[in-house]
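See structure below.
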């Protein structure tokens, strides 16, 4: 197994680095993220199902780690007032508010499939996007887009209802 992982690193590290560098345009960050990608690949190699090539799998890990990095960086740079406003607009937090929960549940159930199911699986079952995609025989990205669209529809309906 160690030989296989060494071979994966030798074959794909350069490509993954160039991909990360194209995303972030920062040599040091790309190197740090590359190490994180390879660590995640090594520790999660038993989860690799073979649905895609190893290179595609590594690129997916790289993209997700980069997006997580950007998200964390964005949140660190927000003034406190904006962080509070952002959390107040968070739909998942509104669901926890009992006074709005029943109305939001009705809105969720008024959604067409697959949006209703994807939203329910993500928010209430707390499934990962890849797992949701697998339920539908689709990709994790498909699940992300479907969840985003469902969330936007619910927020739009809430604005119409002035909640």
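When you look at residue 36, is it closer than 23 Å to residue 131 by Cβ, assigned to a helix (DSSP H, G or I) and without any contact (Cβ under 8 Å) to a residue 40 or more places away in the chain, yes or no? Spelling it out, residue 36 is indeed closer than 23 Å to residue 131 by Cβ, assigned to a helix (DSSP H, G or I) and without any contact (Cβ under 8 Å) to a residue 40 or more places away in the chain.
Please tell me if residue 144 is surrounded by fewer than 17 Cβ atoms within 10 Å (Cβ to Cβ), in contact with a helix residue (DSSP H, G or I) (Cβ under 7 Å, 6 or more places away or on another chain) and closer than 22 Å to residue 101 by Cβ.
For residue 144, the condition - surrounded by fewer than 17 Cβ atoms within 10 Å (Cβ to Cβ), in contact with a helix residue (DSSP H, G or I) (Cβ under 7 Å, 6 or more places away or on another chain) and closer than 22 Å to residue 101 by Cβ - is not met.
Hey, can you tell me all the residues within segment 22-42 that are over 22 Å from residue 139 (Cβ atoms) and at pLDDT below 85? Passing the criteria: 24, 25, 42.
The combined condition, being under 24 Å from residue 24 (Cβ atoms) and at pLDDT below 80, is not fulfilled by residue 101. Taking (1) modelled with pLDDT of 70 or more; (2) surrounded by 12 or more Cβ atoms within 10 Å (Cβ to Cβ) in turn, residue 113 satisfies each apart from (2).
The values are calculated or read from the model by the stated rules, or taken from the named source; none is laboratory data. None of these values were measured; they are calculated from a predicted model. Positions of Cβ are generated from backbone atoms using ideal geometry, with glycine treated the same way; all protein chains shown enter the neighbour counts.
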